[in-house]
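K.L.:
Just dropping this structure here.
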Amino acid sequence: MTTIPPEQIIETMQQHPLLDESTEYGYGTAGFRFKVEHMDGIMLRVGIASAILQYELFQNTKTNTNTNQQPQQDMGVMITASHNDESYNGVKLSNPDGSMIPPHLEETLVAIVNQRDLDLFQNTHLKGFDFRSTAKFHVGYDTRSHSERLTSLFIKGAQAMGVTVINHGVLTTPMLHHIVLHSNAKAYLPASIPPCPSRAGYCQAMGSAYLELCNVVAPCAITGDRSTPLLVDCACGVGYKAVQEVLSEITIRGNLTTCKPFLVPCNEPGEGPLNTNCGSEHVQKQLKPPTWYSKTGQDAAKSYCCSVDGDADRIVFFAASSSNELGSLLDGDKIAVLIGKFFQAELSKAYGGNPKLPKVSMGVVQTAYANGASTQYLEKNLKVPVVITKTGVKHLHHAALEFDIGIYFEANGHGTVVFSQAYHEFASQAKSICPALEILPRLINPAVGDAVSDLLLVDALLQHFEWTVQDWATKLYTDLPSRQLKVQVKDRSVVQCNDNETKCLQPTTLQPALDQLMSDIPGSRTFCRASGTENVVRVYAEAPTREQADKMATIAAGLVHTHCGGVGPKSAILFFKK
Ligand code: 16G
Ligand code: MG
């Protein structure tokens, strides 16, 4: 039920029009994400649409379960443009279980946002809209200077439609998803996880689970000074405060006040420009260490470091060999393998102790960007099934749900583990032999990739294996050299790929040229796909040597330029621009 007359809602929409009259604003890989000047009109419309989405979701739950009185479920919205620079902003929505919204809700949302005919809008969406949900919309935003203003536009639209909004202020994307999931605990959380739907609850849950895990698998992690603390590059974004808060939770809970902190958060908002020469996108794509804007970062050793992105839902680890050179990069693939190896060892310990325990399946989900060496190691050495999906957390997440333990990571560092109900039952039975199996689902954020949760998990596992970053880099598998480039094109939608983006279907002339290139270099692989977040086509190449990978990426990018309507001189892509 609208709280103000529909005519007034239309008037507000006229005050905040969509900037481009003819552009169809798409939901993209992870939400609406554009240069900030486009976002005002979009945000207000997403706010208005939130009521309609709640209604659609309510109708769906009703039909699916055949009960009239389904409890209504909270949803969430995060205002951020993730790894993009400060000139962008965006918005992504969370489903009641904390995952990304499903395709049918994306479609409804895109149709509502792009409806330019306001008379039609009023008649279709506002007149006679008499749904009032008891459920809420949780809202959070990142540290961008315009995020708060955009949040208030969302709230204006949502409240006009009668939606109850809870504004959690500045937080990380995974915190927001955690809050949404925990607000709907009855429907989606197993009994072994106590609901804590708040920022403080998130920090307490992370802090206590980390300490419990270390207690059982790596007591050395929490019993004194670490020789090398983990230096965290927070991309001058929202992750900084989250890391600080979780660290202080661990310090207090674990009675560690007299020890040197094992985490050193660096690159605080304001110390440098957001996501610029720092953060996980910079480190992973440029293969360069970040600029350490913080004094503490400049002075510290650089042998155990990680970088998160602007909304702290992704992470990569690294050791720098100099201020300009990356020694080793431990990306999402390496994280997935580390977690897979640990789970496998714990599972065999559990079955060794009690062969009658119910069987649980485990699988890893990756994308075409996964380094070929990681896929091979998972399949051949760990003997774990691997599924390759389209880029974007929502696709990986969905595929991971097919396993009892579904580990998913993109090479760029987005990822987490999801657990089935059968796993939770198994873990509670296996608890006396392997307590870690029961603790892990409390440390791991099952809703969405979470840099803070991943950071704590990886740290505990490295301490458990007694591995340095160097050991982690060398003891599993050696990455095939790879290179990523991007090509500016007139219209990226001319590029269409197959289901898992390993082959280009349109323009039809491109794939044969890429195939020829691959057959020229044995053991190599290249593919391209249209970005879902920028107006570019991305090119990936991997080959047995660094020179071959670089050369192959350059040639493939040239082919994309030729076949897909490249913009600007071809020579521009001969440099390794990200
Ligand atoms: C978004 C996606 C990420 C994906 C990236 C690809 C989420 C939360 N994030 O950041 O998974 O890897 O886009 O960007 O889904 P691209 O389409 O520009 O290559
Ligand atoms: Mg992000």
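The values are calculated or read from the model by the stated rules, or taken from the named source; none is laboratory data. What you are looking at is a predicted structure, and each value in this text was computed from that prediction instead of being measured. Virtual Cβ from ideal backbone geometry, glycine too; neighbours counted across all protein chains shown. Please note that ligands, DNA and RNA were not included when accessible areas were found on the heavy atoms of the full protein model with its side chains. Shrake-Rupley method; radii C 1.70, N 1.55, O 1.52, S 1.80 Å.
K.L.:
Spin-label point model (7 Å from Cα, Cβ direction): what's the Ser493 to Ala200 distance in nm?
P.N.:
Spacing of the two 7 Å Cα→Cβ label points: 4.9 nm.
K.L.:
Would you kindly state the longest site-free stretch of the chain, with sites defined as GluC sites (Glu not before Pro) in a DSSP loop (not H, G, I, E, B) surrounded by at most 14 other Cβ atoms within 10 Å?
P.N.:
Longest gap between qualifying sites, sites excluded: 25-324.
K.L.:
Next question. For a Förster distance of 30 Å, can you work out the FRET efficiency between the beta-carbons of Leu118 and Asn535, rounded to the nearest 0.05?
P.N.:
Values: r = 28 Å, r/R0 = 0.93.
My answer for the efficiency is 0.60.
K.L.:
I've got another one for you. Hey, what's the chain come to in accessible area per residue, 1.4 Å probe, Å²?
P.N.:
38 Å²
K.L.:
Hey, what's the per residue convex hull volume over the C-alpha atoms of segment 408-528, in cubic angstrom?
P.N.:
181 Å³
K.L.:
Calculate, in whole percent, how much of the Cα-Cα pair population of the chain lies beyond 35 Å.
P.N.:
Cα-Cα pairs of the chain separated by over 35 Å account for 38 percent.
K.L.:
How much of the pair distance distribution for segment 332-474 lies past 24 Å, counting alpha-carbon pairs only, in percent?
P.N.:
Numbers: 2555 of 10153 pairs.
Distances greater than 24 Å cover 25 percent of the Cα pairs.
K.L.:
Could you calculate the FRET efficiency of Asp20 with Gln516 from 1/(1 + (r/R0)^6), where r is the beta carbon distance between them and R0 is 56 Å, rounded to 0.05?
P.N.:
So the FRET efficiency works out to roughly 0.90.
K.L.:
Give the separation of the Cα centroids, segment 382-444 to segment 222-245, in Å.
P.N.:
25 Å
K.L.:
Right, here's the next one. Sort 162-172, 111-121 by packing, meaning the average of other beta carbons within 10 Å per residue, with the highest value first.
P.N.:
162-172, 111-121
K.L.:
Could you sort the peptides 483-492, 365-374 by per-residue average Cβ neighbour count (10 Å cutoff), highest mean leading? Before the final figure, lay out each step's value.
P.N.:
Details: 483-492: 19.5, 365-374: 22.8.
Those peptides, ordered most packed to least, come out 365-374, 483-492.
K.L.:
Then there's this: By its C-alpha gyration tensor, with a ≥ b ≥ c as the square roots of the eigenvalues, how is segment 430-483 shaped: rounded for a/c under 1.5, else prolate for a/b larger than b/c, else oblate?
P.N.:
It comes out oblate by the Cα gyration axes.
K.L.:
Going down the table (Lys285/Lys486; Lys35/Lys394; Lys359/Lys383; Lys302/Lys486; Lys380/Lys475; Lys359/Lys431), which pairs top 18 Å between alpha carbons?
P.N.:
Beyond 18 Å: Lys35/Lys394; Lys302/Lys486.
K.L.:
At R0 = 45 Å, how high is the FRET efficiency between Leu401 and Asp85 if r is their beta carbon distance? Nearest 0.05 is fine.
P.N.:
Details: r = 33 Å, r/R0 = 0.74.
Calculated transfer efficiency: 0.85.
K.L.:
Turning to a different aspect of this structure: Could you work out the Rg to Rh ratio of segment 99-207, with Rh taken as the Kirkwood radius (inverse of the mean 1/r over all Cα pairs)? Please list the in-between numbers first.
P.N.:
Details: Rg = 16.4 Å, Rh = 16.1 Å.
Rg/Rh: 1.02.
K.L.:
Right, here's the next one. When you count, for each residue, the other Cβ atoms within 10 Å and take the mean per peptide, how do 523-533, 503-513 rank with the highest first? Could the numbers behind the result be given before it?
P.N.:
Working: 523-533: 20.2, 503-513: 15.7.
In descending order of packing, they fall as 523-533, 503-513.
K.L.:
I've got another one for you. Across 5 Å bins from 0, what is the distribution of all Cα-Cα pair distances for segment 151-273, in whole percents?
P.N.:
2, 10, 15, 18, 17, 15, 11, 6, 3, 2, 1, 0
K.L.:
Also: So what is the 222 nm mean residue ellipticity for the chain from helices alone, if each DSSP H run of at least 4 adds -39500 (n - 2.57) and you divide by all residues, rounding to the nearest 500 deg cm²/dmol? List each step's numbers first, then the result.
P.N.:
Numbers: 20 runs with 233 residues, N = 578.
Result for the chain: -12500 deg cm²/dmol, rounded to the nearest 500.
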